[in-house]
Amino acid sequence: MEEICDDPMQLELMAKLLDTERQYKTSSRRTGIYDALKKCFETSSRSGQDALNNAYRNRDLRTAALEGDTDKIKHLQDEDAKDSFTPAWADLKFGKRFKANAIDQSS
C-alpha cells in the first residue's frame, strides 16, 4: 500500500478503510458498515476538503501525464511547492521578533 499511496495521511486512511471492511467481512448482515466507513473519513488526519483537493490534484496530474501536457504538470508541481512551504523552526518559536532581530543584525 505504501507504493500506491501518495502521502502518509492517505496510507492511514486506506488502512482504516480496509480494516473496517475486514471487520464486517464475515457478517451475514453488514448493517453499520456505511457508518463505520464514514467515521473513518471523519477521524482521518486530513480534512474532507483536503482529501478532495488531493484527489483532484492527483486526477489532474494523471490526466496531464496521459495527454503529455508537460506545461500543466509543471504548473501543478509549482503549486505543490508553494503549498508545501514549511516555516523554519525559529519562525514558529520566535515569530516576528526573530525576523526583526535577524534583519537588525545583518545591517
Among 102, 55, which is surrounded by 10 or more Cβ atoms within 10 Å (Cβ to Cβ), hydrophobic (A, V, I, L, M, F, W, C) and modelled with pLDDT under 65? 102
Quick test of your reading of the structure: residue 11 fulfils all but one of (1) more than 29 Å from residue 75 (Cβ to Cβ); (2) assigned to a helix (DSSP H, G or I); (3) open to solvent by less than 80 Å² (accessible area, probe 1.4 Å). Name the failing condition by number. (1)
Residues (farther than 29 Å from residue 79 by Cα, part of a helix (DSSP H, G or I) and among the small types (Gly, Ala, Ser)) located in region 14-60: 36
Return yes when residue 31 is of a type in the set (Val, Ile, Thr), out of contact with any strand residue (DSSP E or B) (no Cβ under 9 Å at 6 or more places or on another chain) and at pLDDT below 85 and no when it is not. no
When only residues in region 14-39 that are in contact with a helix residue (DSSP H, G or I) (Cβ under 8 Å, 6 or more places away or on another chain), farther than 21 Å from residue 59 by Cβ and hydrophobic (A, V, I, L, M, F, W, C) count, which is most open to solvent (accessible area, probe 1.4 Å)? 37
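The values are calculated or read from the model by the stated rules, or taken from the named source; none is laboratory data. As the structure is a computational prediction, the values presented were derived from the model and not from experiment. Positions of Cβ are generated from backbone atoms using ideal geometry, with glycine treated the same way; all protein chains shown enter the neighbour counts. The accessibility values were calculated without ligands, DNA or RNA, using every heavy atom of the protein model including side chains. Shrake-Rupley method; radii C 1.70, N 1.55, O 1.52, S 1.80 Å.
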